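Trainee: Let me give you the structure first, and then I'll get to my questions.
The values are calculated or read from the model by the stated rules, or taken from the named source; none is laboratory data. Given the structure is predicted, the values throughout are model-derived calculations rather than measurements. With ideal geometry, Cβ positions are generated from the backbone for all residues, glycine too; neighbour counts draw on all protein chains shown. All accessible areas refer to the heavy atoms of the entire protein, side chains included, with ligands and DNA or RNA removed. Shrake-Rupley method; radii C 1.70, N 1.55, O 1.52, S 1.80 Å.
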Amino acid sequence: IPIHHSLPGAPSVLYIDYNGMVIQNTIWNEDFDEPIWNAVAYSLDADLTTFSAAEKTAMSLIWSRMAEDFAPFNIDVTTEEPATFGPTVGRYLATRSTDAD
């Protein structure tokens, strides 16, 4: 995954997550009546195990557009996973609207 930061050192961070994840114990799970949601990695093709050159290019373009949207604010939009998550760190999960199951 290409590593990008829009404002390194900013007090707030928005992490763009392209890797997918298991989502559980959230309001999303309750709203969709899904105790566990296996969100797949970002993909433009059927290969969910690796990122193609086209996917990496798209990731950089997505980051660029999101960084531009958040530029007026003191927020680092990044593709690098933060060491910790807390009240000033948000996650945007770039995935399909269907789960891995």
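Trainee: Look at residue 32 and say whether it is open to solvent by 90 Å² or more (accessible area, probe 1.4 Å) and hydrophobic (A, V, I, L, M, F, W, C).
Mentor: So residue 32 passes the test.
Trainee: Also, quick follow-up: How many of the residues in segment 67-101 are part of a helix (DSSP H, G or I) and free of Cβ contacts under 8 Å to residues at least 60 places away in the same chain? Give the derivation first.
Mentor: Step one: filter segment 67-101 for residues part of a helix (DSSP H, G or I), giving 67-70.
Narrowing the set further to residues that are free of Cβ contacts under 8 Å to residues at least 60 places away in the same chain leaves 68-69.
Of the residues in segment 67-101, 2 are part of a helix (DSSP H, G or I) and free of Cβ contacts under 8 Å to residues at least 60 places away in the same chain.
Trainee: So, one more: When the residues of segment 6-29 are filtered to those that are loosely packed, with under 10 Cβ neighbours inside 10 Å and either at positive phi or acidic (Asp, Glu) (or both), which remaining residue is modelled with the lowest pLDDT?
Mentor: The residue in question is 25.
Trainee: So, one more: Scan segment 39-74 for residues that are closer than 13 Å to residue 16 by Cα, in contact with a Leu (Cβ under 9 Å, 6 or more places away or on another chain) and either open to solvent by 40 Å² or more (accessible area, probe 1.4 Å) or basic (Lys, Arg) (or both) and jot them down.
Mentor: Across segment 39-74, the qualifying residue is only 70.
Trainee: Here's a check for you: in segment 10-49, which residue that is among the hydroxyl-bearing types (Ser, Thr, Tyr) and not in a strand (DSSP E or B) is nearest to residue 88 (Cα to Cα)? Give the steps one after another, and end with the answer.
Mentor: Taking segment 10-49 first, the residues among the hydroxyl-bearing types (Ser, Thr, Tyr) are 12, 15, 18, 26, 42-43, 49.
If we keep only those that are not in a strand (DSSP E or B) too, we end up with 18, 26, 42-43, 49.
Working: 18: 20, 26: 18, 42: 24, 43: 28, 49: 30 Å.
If we take residues in segment 10-49 being among the hydroxyl-bearing types (Ser, Thr, Tyr) and not in a strand (DSSP E or B), then 26 is nearest to residue 88 (Cα to Cα).
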